[in-house]
1. Using beta carbons and a limit of 9 Å, which pairs, at least six apart or on different chains, have the first residue in segment 58-72 and within 19 Å of residue 32 (Cα to Cα) and open to solvent by 30 Å² or more (accessible area, probe 1.4 Å) and the second one outside any loop (DSSP other than H, G, I, E, B) and hydroxyl-bearing (Ser, Thr, Tyr)?
2. Would you call residue 54 more than 28 Å from residue 176 (Cα to Cα), open to solvent by less than 10 Å² (accessible area, probe 1.4 Å) and under 17 Å from the mean Cα position of the chain (by Cα)?
3. Would you mention how many residues in segment 73-97 are farther than 16 Å from residue 181 by Cβ, among the small types (Gly, Ala, Ser) and open to solvent by less than 30 Å² (accessible area, probe 1.4 Å)?
4. For residues that are within 18 Å of residue 75 (Cα to Cα) and of a type in the set (Asp, Glu), tally how many sit in segment 1-51.
5. Taking residue 19 and the conditions (1) farther than 24 Å from residue 174 by Cα; (2) more than 13 Å from the chain's Cα centre (by Cα), which numbered condition does it fall short on, given that it satisfies the others?
6. Applying the selection to segment 133-180, what residues are within 18 Å of residue 72 (Cα to Cα) and open to solvent by 60 Å² or more (accessible area, probe 1.4 Å)?
7. Name the residue that is modelled with the highest pLDDT, counting only residues in segment 126-185 that are in a helix (DSSP H, G or I) and either in contact with an Asp or Glu (Cβ under 9 Å, 6 or more places away or on another chain) or at positive phi (or both).
8. Which of the residues belonging to segment 1-35 are free of Cβ contacts under 8 Å to residues at least 60 places away in the same chain and surrounded by 20 or more Cβ atoms within 10 Å (Cβ to Cβ)?
Amino acid sequence: MVVLLKVARGDSVTGSRLGGDPPGVLAGHPVLDTHHYLFTLAAGTAPWQADREVSVLVRRGYAVGDPDDRHPDIALRAVLHSPSPRCARAPGAHPFLASRSLEAGAPGAPDAALIRIADEAHRVQWEESSVRPLLDDGLRFLFTFDEDGYPVDDDVVTEYQFGYGAVHFFGRLDADGRAVDVVAGFVENS
């Protein structure tokens, strides 16, 4: 199973979305004091989510080359939560990103996807030395956030947070295949 999400022209307060205000369920969460909100995957986008959303945030001030680009001490946080619309006036909006919806991408164009949910990652620099510690820790690959998927003729992003790179996410699943934990595994720069 492969699910591709691309950046839409419009915005939405619910569903899969990029940038803008974080989900209301995160209002008051301490992660918003230290991190910027990147995106949310709507509940049911991937089978391992079940009825929960997953939102991803990056440490404020993170820059390419910072040492916290690998699990377990990585600058990104993934939070599983109940479905929640955007929260107006909450801290944490990312300064580099416009507020947009994410919509289904064409199955034949994986390189144009901002989010690629699959059983295996799809990147040129995928290295065993980066993946092995995660797999040895009992985690499995879940999805990739790939900055190559930003539209080139739009004003969605003003600066590439990961140096036009990608972040690979992994998780621990229960016996029913439901994620009990989602973590950023590592940042891969192009």
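1. Here the result reads 59/34; 60/34, each pair linking segment 58-72 to a residue that is outside any loop (DSSP other than H, G, I, E, B) and hydroxyl-bearing (Ser, Thr, Tyr).
2. On the way: more than 28 Å from residue 176 (Cα to Cα): no; open to solvent by less than 10 Å² (accessible area, probe 1.4 Å): yes; under 17 Å from the mean Cα position of the chain (by Cα): yes.
No; evaluated as a whole, the condition is false for this residue.
3. 4
4. 1
5. Among (1) farther than 24 Å from residue 174 by Cα; (2) more than 13 Å from the chain's Cα centre (by Cα), residue 19 violates only (2).
6. 133, 135, 136, 137, 140, 172, 180, listed by residue number.
7. Result: 149.
8. 35 - this is the single residue of segment 1-35 that is free of Cβ contacts under 8 Å to residues at least 60 places away in the same chain and surrounded by 20 or more Cβ atoms within 10 Å (Cβ to Cβ).
The values are calculated or read from the model by the stated rules, or taken from the named source; none is laboratory data. The structure presented is a predicted model; accordingly, all values stated were derived computationally and were not measured. As a convention, Cβ positions derive from the backbone with ideal geometry for all residues, glycine included, and neighbour counts pool all protein chains shown. Quick note on the areas: whole protein, heavy atoms, side chains included, nothing else; ligands and nucleic acids left out. Shrake-Rupley method; radii C 1.70, N 1.55, O 1.52, S 1.80 Å.
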